[in-house]
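Structure first, commentary second.
The values are calculated or read from the model by the stated rules, or taken from the named source; none is laboratory data. Please read these numbers as outputs of a predicted model, since none were measured by experiment. Note: ideal-geometry Cβ built from the backbone for every residue, glycine included; neighbour counts use all protein chains shown.
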Amino acid sequence: MTSCTVLVLGGADAAPPDLGRLAGRARVVHTDEKQLAEQLPTADVLLAWDFTSDAVRDAWPGDGPRPAWVHTASAGVDRLLCPALVADDTLVTNARGVFEQPIAEYVAGLVIAMAKDFHGTWELQRQRRWRHRETLRVAGSRALVVGSGPIGRAVGRTLKALGVAVDLVGRTARPQDPEFEQVRAAAELDRLLPSADWVVCAAPLTEENRGMFARRTFALMKETARFVNIGRGPLVVERDLVAALRERRIAAAALDVFEHEPLAPDDPLWDVPHLVVSPHMSGDTLGWRDALAEQFADNFDLWAAGRTPRNVVDKRRGYVPVD
């Protein structure tokens, strides 16, 4: 006999997760954005499987019954949190642990591709032109990774393995760190930007850091610097990045996340010189959906046993605190 209801928010493009492990213990109900507000009061648990949706934020009950626990199948929770959800006692967890290393590998791939001018090689091959060039060394360069959570740390570790010196920036300073010697405070960002060859944004989206990479920030970077954003789109003022690239104030950039997704076919970002555009795929490797479903099932086991699930989000900060 089932004892609770798990409501799964999907979408037209969101394949339902395999939650067979919950059989006999929970009634699994699938919903979409249109029915979410009506069904939320009937659920004990909400699984936000479609993590591109803003529906939870819009439909969260102001009063009355609501889920005791919300889990999102994403690292970021910015599309989920609203004042009512932050204020109440509902537990929120995220998908920390699934995406970190794939994203780190993606960033490392971008760094190598930019340094070795793979784009130029492919274009010259297409033109059947033999043109020798000299490229950059990755080892010995310096990266500034903004965001000291699990994703930022994985990016930093992977770049260090390539011989890159890494400065890691977090919300607050940590004078001693076992991997990076120290974590710099966000207040030091302006001082660190001018020495970075690679600037990687891996920060969570909060009201404090929305638009943190803008005209002033790009002006502090080297003209030879490359910028990568795998955090959240609104962390970057896109028009300012476009201006920095067109005016050659920085050398190149790569965006995997955007202010508005999906990127429209007529969006000018597609044609910006020296910009790599990818469709929010840096963490998505073969089997990632199975890993997300398995993670939720493991957390459900803890929750059903009266224990605290893993990856509890500090709702007021907007992320899972790092020990």
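Of all residues in segment 3-15, which are within 10 Å of residue 50 (Cα to Cα) and modelled with pLDDT under 85?
11, 12, 13, 14, 15 - these are the residues of segment 3-15 that are within 10 Å of residue 50 (Cα to Cα) and modelled with pLDDT under 85.
Exactly one residue out of 190, 197 is out of contact with any His (no Cβ under 8 Å at 6 or more places or on another chain) and farther than 25 Å from residue 105 by Cβ: that is 190.
Segment 141-253 holds helices (runs of 4 or more DSSP H) entirely within its bounds, and those carrying 1 or more residues that are surrounded by 22 or more Cβ atoms within 10 Å (Cβ to Cβ) and either out of contact with any Cys (no Cβ under 8 Å at 6 or more places or on another chain) or aromatic (Phe, Trp, Tyr) (or both) map to 150-161, 215-219, 238-246.
Just the residues that are in a loop (DSSP other than H, G, I, E, B) and in contact (Cβ under 8 Å) with a residue 40 or more places away in the chain, please, taken from segment 309-323.
Keep residues of segment 309-323 that are in a loop (DSSP other than H, G, I, E, B), which gives 309-311, 313, 315-318, 320-323.
309, 310, 311, 313, 315, 316, 317, 318, 320, 322, listed by residue number.
Could you list, in sequence order, all residues of segment 115-140 that are crowded, with 16+ Cβ neighbours inside 10 Å and assigned to a helix (DSSP H, G or I)? Once the filter is applied, which keeps residues that are crowded, with 16+ Cβ neighbours inside 10 Å and assigned to a helix (DSSP H, G or I), segment 115-140 yields only 115.
Suppose we filter segment 281-303 for residues that are in contact with a Ser or Thr (Cβ under 8 Å, 6 or more places away or on another chain) and touching a residue at least 60 places away in the same chain (Cβ under 8 Å); how many remain? Final tally of qualifying residues: 1.
Residue-by-condition table, conditions (1) on the phi > 0 side of the Ramachandran plot; (2) crowded, with 17+ Cβ neighbours inside 10 Å; (3) at pLDDT 95 or above; (4) in contact with a helix residue (DSSP H, G or I) (Cβ under 6 Å, 6 or more places away or on another chain):
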{"residue": "283", "(1), (2), (3), (4)": "no, yes, yes, yes"}
{"residue": "304", "(1), (2), (3), (4)": "no, no, yes, no"}
{"residue": "307", "(1), (2), (3), (4)": "no, no, yes, no"}
{"residue": "313", "(1), (2), (3), (4)": "no, yes, yes, no"}
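Of all residues being in contact with a Pro (Cβ under 9 Å, 6 or more places away or on another chain) and over 19 Å from residue 73 (Cα atoms) in segment 1-42, which is surrounded by the fewest Cβ atoms within 10 Å (Cβ to Cβ)? Just the residue, please. So the residue we want is 41.
Quick check on segment 292-299. Is at least one of its residues part of a strand (DSSP E or B) and in contact with a helix residue (DSSP H, G or I) (Cβ under 9 Å, 6 or more places away or on another chain)?
no
A search for C-beta distances below 6 Å between a residue of segment 45-67 that is free of Cβ contacts under 8 Å to residues at least 12 places away in the same chain and any residue that is assigned to a helix (DSSP H, G or I) and of a type in the set (Ser, Thr, Tyr), counting only pairs 6+ apart in sequence or on different chains, returns nothing. Please find, within segment 60-91, the residue that is nearest to residue 316 (Cα to Cα) out of those that are surrounded by fewer than 19 Cβ atoms within 10 Å (Cβ to Cβ) and aliphatic (A, V, I, L, M). Per the stated criteria, the residue is 86.
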